[in-house]
Amino acid sequence: MLASRHVSTLADLPLIASGKVREMYGLSAPDDPSSASAQLLMVASDRISTYDAVHPTPIPDKGNVLTGLSVFWFEKTRQILPNHLISATDGVPEEVRGRALVVRRLQMLPVECVVRGYITGSGWKDYQRTGTVSGIELPGGLRESERLPEPIFTPSTKAESGHDEAIDFERAAELVGDAELMRRVAEVALELYSFAAEHALANGVILADTKFEFGIDEGASGAGDGLVVGDEMLTPDSSRYWPADGFEPGRGQPSFDKQYVRDWASAGGWDRTPPAPAIPPDVVAGTRARYLEAYERMTGEPFQAWLDRTGARAAG
Ligand code: PZK
């Protein structure tokens, strides 16, 4: 036998996709081997990227924090929209417990669904150049990082490599092939963002913007159109988390989670072109503490509770 009974390892599973800091594997449903990869295993690593480059040094527990935060938001937003989460324990191999989820395979929509509550990043660049973001006209005179009068839906393309390109709603509807569905996606994305941003702010965190990925669950039974939110949800890797304390429009804001790494790397003279430098132990420790703090602020529970619930391995 290749492995003992009731034990699976990642090495047994087909790698379906990999990103800079996570991987996706195929699973077959326990009672139906013919349903090859009706389910997926999404695995978050401890790798960290800044300025689009992955550092060679991991941040212990980062994958656990991001996975725990995704699950927190999946559970908390279920009244707004169903999601692809099946389990954080059943079917998750022991070696990745705490940082992996079994999820339903969806037909993913071919657009990134970005919602912005504050004007920053590529949105700020586009606004300065054109006064608009994704075809939405904004008031004049906004300062960098300023809160918008109301959150805006700013879809983008999914680039295979390189950077996503902002598109307007009409182009997104064209790519999705269903304007009515796209209207519903925009509406639900705005609702999810507003719900989460309000919760975050009450806990001292500004959720400046976020990226959702939606899909259609073709096996969905009963009422509804099968629209489901997938991917990771409202994590610091898919969103901008800023400390509310010290927020000041008119400049870029420090990242809640990555700022120690960025500051250290800049001070060390890294010119932001790959390869990204190794991170020293004190900066790793400070960054790890920030991730844990984000988890605890957002969920209101000790991070250890997530590790205990999922049977995660000790970090390191
Ligand atoms: C899916 N990605 C992004 C890329 C990752 C994740 N439920 C789903 N069904 C089908 N496909 C996907 C999902 C989800 N979520 C997600 N690409 C496809 C991605 C690389 C690594 F972990």
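Suppose every Lys and Arg Cβ carries +1 and every Asp and Glu Cβ carries -1, with no other charges. What dipole size does the chain come out with about its Cα centre, to the nearest 20 debye?
Values: 31 positive and 46 negative charges, 145 e Å.
The calculated dipole for the chain is roughly 700 debye.
Can you tell me the length gained on complete extension of the stretch Glu150 to Glu94, counting 0.36 nm per residue apart and subtracting the Cα distance? Could you put the intermediate results ahead of the total?
Details: separation 56, 0.36 × 56 = 20.16 nm, distance 4.36 nm.
The span from Glu150 to Glu94 would gain 15.8 nm if fully extended.
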Task: By average C-beta atoms within 10 angstrom, highest first, the peptides 39-45, 19-25, 103-109 - done: 39-45, 103-109, 19-25
Open item on the list: With +1 on the Cβ of every Lys and Arg and -1 on the Cβ of every Asp and Glu, and nothing else charged, how large is the dipole of segment 53-176 about its Cα centre, in debye rounded to the nearest 20?
Closed with: 280
Open item on the list: What does the C-alpha gyration tensor say about the overall shape of segment 77-169? Classify as rounded when a/c is under 1.5, otherwise prolate if a/b is larger than b/c, or oblate.
Closed with: prolate
TODO: Kindly provide log₁₀ I(q)/I(0) values, in the same order as q = 0.17, 0.20 Å⁻¹, from the Debye equation applied to equal alpha-carbon scatterers of segment 159-316.
DONE: -1.24, -1.37
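Assuming a ≥ b ≥ c are the square roots of the Cα gyration tensor eigenvalues, decide whether segment 130-199 counts as rounded (a/c under 1.5), prolate (otherwise, with a/b larger than b/c) or oblate.
On the way: a/c = 1.68, a/b = 1.26, b/c = 1.34.
Oblate is the answer for segment 130-199, as a/c is 1.5 or above yet b/c matches or exceeds a/b.
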Task: Those residues of segment 220-249 whose amide nitrogen sits under 20 Å from the label point placed on Ser266, 7 Å along Cα→Cβ - done: 237, 239-249
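Would you mind estimating how fast the chain diffuses translationally, via Stokes-Einstein at 20 °C and 1.002 mPa s with the Kirkwood radius over Cα pairs, in µm²/s?
Details: Rh = 20.6 Å.
Value of D from the Cα-based Kirkwood radius: 104 µm²/s.
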- [ ] Would you be so kind as to identify which of Ser45, Ala265, Thr235 lies farthest towards the positive end of the dipole of the chain, taking Lys and Arg as +1 and Asp and Glu as -1 on Cβ and the Cα centre as origin?
- [x] Ala265
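Calculated from DSSP H runs of 4 or more alone, at -39500 (n - 2.57) each and per residue, what is the 222 nm mean residue ellipticity of the chain, nearest 500?
-9500 deg cm²/dmol
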TODO: Above 17 angstrom, tally the Cα pairs of segment 41-84 and express them as a % of all pairs, no decimals.
DONE: 46
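Contact order normalised by length for the chain, with contacts defined as Cα pairs under 8 Å and 6 or more residues apart; what percent is it? Write down the numbers at each step before the final one.
Values: 572 pairs, mean separation 65.7, N = 316.
21 percent.
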TODO: For the chain, with all protein chains present and a 1.4 Å probe, just round the carbon and sulfur fraction of the accessible area to a whole percent.
DONE: 49
Task: Unit charges on C-beta of K, R, D, E only; dipole of segment 125-170, Debye - done: 200
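Quick one: accessible area per residue over the chain, 1.4 Å probe, rounded to a whole number of Å²? Present the calculation step by step, with values, prior to reporting the outcome.
On the way: 15300 Å² over 316 residues.
With the other protein chains kept in place, the chain gives 48 Å² per residue.
Assuming R0 = 41 Å, can you tell me the calculated FRET efficiency for the pair Gln304 and Glu191, based on Cβ-Cβ distance, to the nearest 0.05? Numbers along the way, then the final one.
Values: r = 32 Å, r/R0 = 0.78.
FRET efficiency, Gln304 to Glu191: 0.80.
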TODO: Pull up all non-local amide H partners of Asn83: gap of 5 or more, or a different chain, and H-to-H distance under 5 Å with H placed in the peptide plane.
DONE: Val229
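The values are calculated or read from the model by the stated rules, or taken from the named source; none is laboratory data. Quick caveat: nothing in here was measured; it's all calculated off a predicted structure. Methodologically, a virtual Cβ is constructed for each residue, glycine included, from the backbone with ideal geometry; neighbour enumeration extends over all protein chains shown. These accessible areas exclude ligands, DNA and RNA; they are computed on the full protein's heavy atoms, side chains included. Shrake-Rupley method; radii C 1.70, N 1.55, O 1.52, S 1.80 Å.
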